[in-house]
1. Taking 0.36 nm per residue of separation and subtracting the Cα-Cα distance, what length does fully extending ASN82 through LEU37 add?
2. Leaving ligands and nucleic acids out of the surface, order MET1, MET104 by accessible area at 1.4 Å, largest first.
3. By accessible area of protein heavy atoms, probe 1.4 Å, what ranking do ARG32, ARG57, ARG81 get, highest first?
4. Give me the three principal axis extents of the chain from the C-alpha atoms, as integers in angstrom, largest value leading.
5. Under a point spin-label approximation (7 Å from Cα along Cα-to-Cβ), what is the THR7-TRP75 distance to one decimal in nm?
6. Ignoring ligands, DNA and RNA, please state the percent of accessible area on the chain from carbon and sulfur, probe 1.4 Å.
Amino acid sequence: MSAYEITLAALVGGVTVLGYALLLAQSSRQHRRITELQQQLEVFVDTSINVARCVDRLTHDGGSQEIANVASRRWVLREARNRLEKGESVTEIAVPLGLSRDEMRLLGNP
């Protein structure tokens, strides 16, 4: 085997390995994005079910004011966690999101 063939084989091998590495990195990013989208979908589904129940209660009960808000609070807490991860403080997040003291404690504020 000549030096030219060895160099060509090494170049092809290197490009192939680099291609696989890039493919693996892209796959990992896509997996993280899909996981994030699945979490957002779960919150959306919970919220949609909650809204449907509320509308059903309001139409059948003639204006019942007892409305469950578990799904919307989950979204608020998830949004608060996302903002904390981005570097905002709990006190900056609490007022706009309407967090209770218990929720602030859950996020790590004593």
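The values are calculated or read from the model by the stated rules, or taken from the named source; none is laboratory data. Quick caveat: nothing in here was measured; it's all calculated off a predicted structure. Heads up, the Cβs are rebuilt from the backbone with ideal geometry, glycines too, and the neighbour counts pull from every protein chain shown. What goes into the accessible areas is simple: the full protein's heavy atoms, side chains included, and nothing from ligands, DNA or RNA. Shrake-Rupley method; radii C 1.70, N 1.55, O 1.52, S 1.80 Å.
1. Here the answer is 14.8 nm.
2. Details: MET1 170, MET104 35 Å².
The residues order as MET1, MET104, largest area first.
3. On the way: ARG32 140, ARG57 80, ARG81 120 Å².
These residues rank, largest area first, as ARG32, ARG81, ARG57.
4. Principal axes ranked by extent give 88, 39, 17 Å for the Cα atoms.
5. Using points 7 Å along Cα→Cβ, the separation is 6.2 nm.
6. Numbers: 5250 of 8720 Å².
Within the chain, the accessible surface is 60 percent carbon and sulfur.
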